[in-house]
2 protein chains.
Amino acid sequence: MAKKSPPQALDGNAVRTQRTRARILEASLKLFNERGEAHVTTGMIADELNISPGNLYYHFANKDEIVEQLFARFEERIDVSPQAALDGSGASDVIENLWFYLHLMFEAIWAYRFLYRNLDDLMDRSRHLREHFNRIAGHKLEAVEALCEGLIRARAMKATPAQVRALASNVLVVATYWLNYQALRRRPVDAETTLGAGVYQVMSLVAPFLSGPARQHLEHLMQNYTD
Amino acid sequence: MAKKSPPQALDGNAVRTQRTRARILEASLKLFNERGEAHVTTGMIADELNISPGNLYYHFANKDEIVEQLFARFEERIDVSPQAALDGSGASDVIENLWFYLHLMFEAIWAYRFLYRNLDDLMDRSRHLREHFNRIAGHKLEAVEALCEGLIRARAMKATPAQVRALASNVLVVATYWLNYQALRRRPVDAETTLGAGVYQVMSLVAPFLSGPARQHLEHLMQNYTD
C-alpha cells in the first residue's frame with residue numbers, strides 16, 4: 001500500500017501572503033467606510049499599512065479588485081435566509097427571532113456601509129456588483145414573501161397576496177436605503193442608534209398586518225424600544 | 001402730479017441673455033438626467049446647444065452653479081404642502097387628492113432624477129444642497145404627520161403617535177429612494193410605470209392605518225391599479 005503523504009503544510013511565504021491580503025482588505029474596508037470609497041486611493045491603503053504600493057499591487061491589481069473581494073465577503077454575510085432562524089418558532093418566538101435576524105442584517109450593512117453610501121456609482125462601474133446586488137435583493141424579496149406566507153398560514157398575519165408583494169418591496173427599500181436616509185437627515189451615525197432605528201422602521205412596516213399574540217408581542221417590543 | 005414712466009422694457013440684449021440662460025439650464029437638465037451629472041461636462045452642454053464654452057461661462061461660472069440653479073427650480077416644485085390640495089375634502093376625496101398630490105411629487109422627482117441618482121455625492125460636494133434637501137425632507141415629514149393627524153381627527157385613520165412617526169419616516173424613505181431601488185432592480189425605467197408604482201408603494205404604507213370609507217376607497221383604487 002502506498003504511504004500517504006502528510007497534509008501539505010503552507011510554507012512561510014504562503015502564510016505571509018495570506019496574512020498581507022487579509023490586512024489589505026481590512027484596512028481598505030476601514031478607509032472606505034470612513035472616507036467613502038471614491039476618496040480612497042491604493043496609495044492611501046498602502047500608507048495605512050506601512051507597505052509599499054508595489055507590495056499592494058502584488059496582491060491586488062487595482063482598487064476595483066479590492067472592492068470586489070470585499071463585496072464577496074459582504075455577500076456571504078448578507079445573503080443568508082431567515083428561514084433557519086425562524087423554523088419551528090412559536091408566534092412570539094418568531095417575532096423575536098425576526099427582530100434578531102434583522103439586527104444581524106443591519107449589522108452586515110453597517111460593516112460594509114461604503115457599498116451603500118456609494119451604491120449607484122458602484123453599480124454603474126461594475127456589472128458584476130450590480131448583478132450580485134440585484135440577486136441579493138431578489139433573494140430577500142422572496143424571503144420576506146415566504147415569511148409572510150408562513151405567518152399567514154400560522155394565523156399570525158392577515159394580508160392579501162398584493163399586500164404581501166407591496167410590503168416586501170417596502171421592506172427592501174427601507175432596509176437598503178436606511179443609512180443613506182439617516183445621512184441625508186444628518187442623524188448622528190453611531191452604529192447602535194442607526195441600526196436599532198433601522199430594525200424598528202422595518203418592523204413597523206410588518207406590524208399592521210400581524211394579528212393575535214404575534215401582534216401584541218411585536219407592539220410590546222416596539223413600545224420598549226421607543227421608551 | 002408727476003407723470004408715471006412706462007414700465008421698463010427689457011432691451012434686446014437682456015432678453016437674449018435670459019433666453020440663453022434658460023436654454024443652458026434646459027439642456028443641462030436633459031444631459032444630467034440621461035447620462036448622470038458626473039459624466040457631463042460644461043463642454044458637452046455647450047456642444048449640445050451649439051454655443052461656445054466662453055458663451056456658457058458668461059452665464060454660469062461652472063457646472064456647480066448650473067446644478068444649484070436646477071436644484072432651486074426643483075425645490076420650488078417639490079416643496080409644496082399637500083394641505084391646499086386636501087383642505088375641505090371628504091373621506092374619499094381626500095384619498096384621491098392624496099394620490100394625485102403624490103403623483104405630482106413623483107413627477108417632480110422624475111423631472112430632476114439626476115439629483116436622486118447621485119444624491120450622496122451631491123450632498124458630499126455641496127453643503128447648500130445638503131441643507132436644502134434636508135429641509136425639504138423635514139417639511140415633508142411634518143406634512144405627512146399633519147395629514148395623518150387630520151385623518152385621525154376625521155376618524156378616517158387609527159394610529160398612535162409612535163405609529164404616525166414611523167409611518168412618516170417610511171413614506172419619506174420610499175419616496176426618496178424609489179427611483180434608486182428601481183434602477184438597482186433593473187426595472188424598466190419608463191416614467192409612467194415607475195411613477196405609478198412609486199405612488200402605489202407609498203399608498204400601501206398608509207393603507208393599513210385607514211379605516212371606514214377612506215380605507216375602502218383606497219383599497220378600491222389600489223385594486224384598480226394592480227388589475
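The values are calculated or read from the model by the stated rules, or taken from the named source; none is laboratory data. All figures in this text were calculated on a predicted structure; none of them were measured in a lab. Here the Cβ positions follow ideal geometry from the backbone for every residue, glycine too, while neighbour counts run over all protein chains shown.
Go through the residues of the range B:62-77 one by one and say whether even a single one is within 14 Å of chain A (Cβ to nearest Cβ) and charged (D, E, K, R).
No, the range B:62-77 contains no residue that is within 14 Å of chain A (Cβ to nearest Cβ) and charged (D, E, K, R).
From the list A:Ile45, A:Ile78, pick out the single residue that is surrounded by 14 or more Cβ atoms within 10 Å (Cβ to Cβ), touching a Ser or Thr at 6+ places or on another chain (Cβ under 6 Å) and closer than 24 Å to A:Tyr116 by Cβ.
Values: A:Ile78 fails: touching a Ser or Thr at 6+ places or on another chain (Cβ under 6 Å).
The match here is A:Ile45.
Among the residues in the range B:7-16, are any of a type in the set (Lys, Arg), modelled with pLDDT of 95 or more and either assigned to a helix (DSSP H, G or I) or over 30 Å from B:Arg117 (Cβ atoms) (or both)?
Taking the range B:7-16 first, the residues of a type in the set (Lys, Arg) are B:16.
Those left that are additionally modelled with pLDDT of 95 or more: none.
No, the range B:7-16 contains no residue that is of a type in the set (Lys, Arg), modelled with pLDDT of 95 or more and either assigned to a helix (DSSP H, G or I) or over 30 Å from B:Arg117 (Cβ atoms) (or both).
Within the range B:133-152, does at least one residue satisfy the condition of being in the same structural domain as B:Val202 (by TED's automatic domain parsing), among the small types (Gly, Ala, Ser) and free of Cβ contacts under 8 Å to residues at least 60 places away in the same chain? So that I can check it myself, show each step before the final result.
Filtering the range B:133-152 down to residues in the same structural domain as B:Val202 (by TED's automatic domain parsing) leaves B:133-152.
Now drop any that are not among the small types (Gly, Ala, Ser), which leaves B:137-138, B:143, B:146, B:150.
Filter once more, so that each one left must be free of Cβ contacts under 8 Å to residues at least 60 places away in the same chain: B:137-138.
Looking through the range B:133-152, at least one residue is in the same structural domain as B:Val202 (by TED's automatic domain parsing), among the small types (Gly, Ala, Ser) and free of Cβ contacts under 8 Å to residues at least 60 places away in the same chain.
Is it fair to say B:Val80 is of a type in the set (Val, Ile, Thr) and without any contact (Cβ under 8 Å) to a residue 40 or more places away in the chain?
For B:Val80, the condition - of a type in the set (Val, Ile, Thr) and without any contact (Cβ under 8 Å) to a residue 40 or more places away in the chain - is met.
Kindly list the number of the only condition in (1) farther than 16 Å from B:Ala162 by Cβ; (2) away from chain B (no Cβ under 11 Å) that fails for A:Arg165.
Unmet condition: (2).
Check whether at least one residue in the range A:74-83 is at pLDDT 95 or above, of a type in the set (Asp, Glu) and on the phi < 0 side of the Ramachandran plot, and report yes or no.
The answer is yes; a qualifying residue exists.
Residue by residue, here is whether (1) out of contact with any Pro (no Cβ under 9 Å at 6 or more places or on another chain); (2) of a type outside the set (Ser, Thr, Tyr) holds:
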residue: A:Ala154; (1), (2): yes, yes
residue: A:Tyr181; (1), (2): yes, no
residue: A:Glu192; (1), (2): yes, yes
residue: A:Ala207; (1), (2): no, yes
residue: A:His217; (1), (2): yes, yes
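For A:Gly43, work out the one condition from (1) part of a helix (DSSP H, G or I); (2) farther than 26 Å from B:Asp124 by Cβ; (3) free of Cβ contacts under 8 Å to residues at least 40 places away in the same chain it doesn't fulfil.
(2)
Quick check: is even one residue across the range A:192-209 buried (at least 19 other Cβ atoms within 10 Å of the Cβ), small (Gly, Ala, Ser), in contact with a Ser or Thr (Cβ under 7 Å, 6 or more places away or on another chain) and at the interface with chain B (Cβ under 7 Å from one of its Cβ atoms)?
Within the range A:192-209, not a single residue is buried (at least 19 other Cβ atoms within 10 Å of the Cβ), small (Gly, Ala, Ser), in contact with a Ser or Thr (Cβ under 7 Å, 6 or more places away or on another chain) and at the interface with chain B (Cβ under 7 Å from one of its Cβ atoms).
Just give me the residues in the range B:210-225 being in contact with a strand residue (DSSP E or B) (Cβ under 9 Å, 6 or more places away or on another chain) and within 13 Å of another protein chain (Cβ to nearest Cβ), in sequence order.
Of everything in the range B:210-225, those that are in contact with a strand residue (DSSP E or B) (Cβ under 9 Å, 6 or more places away or on another chain) and within 13 Å of another protein chain (Cβ to nearest Cβ) turn out to be B:Leu210, B:Ser211, B:Arg215, B:Leu218, B:Glu219.
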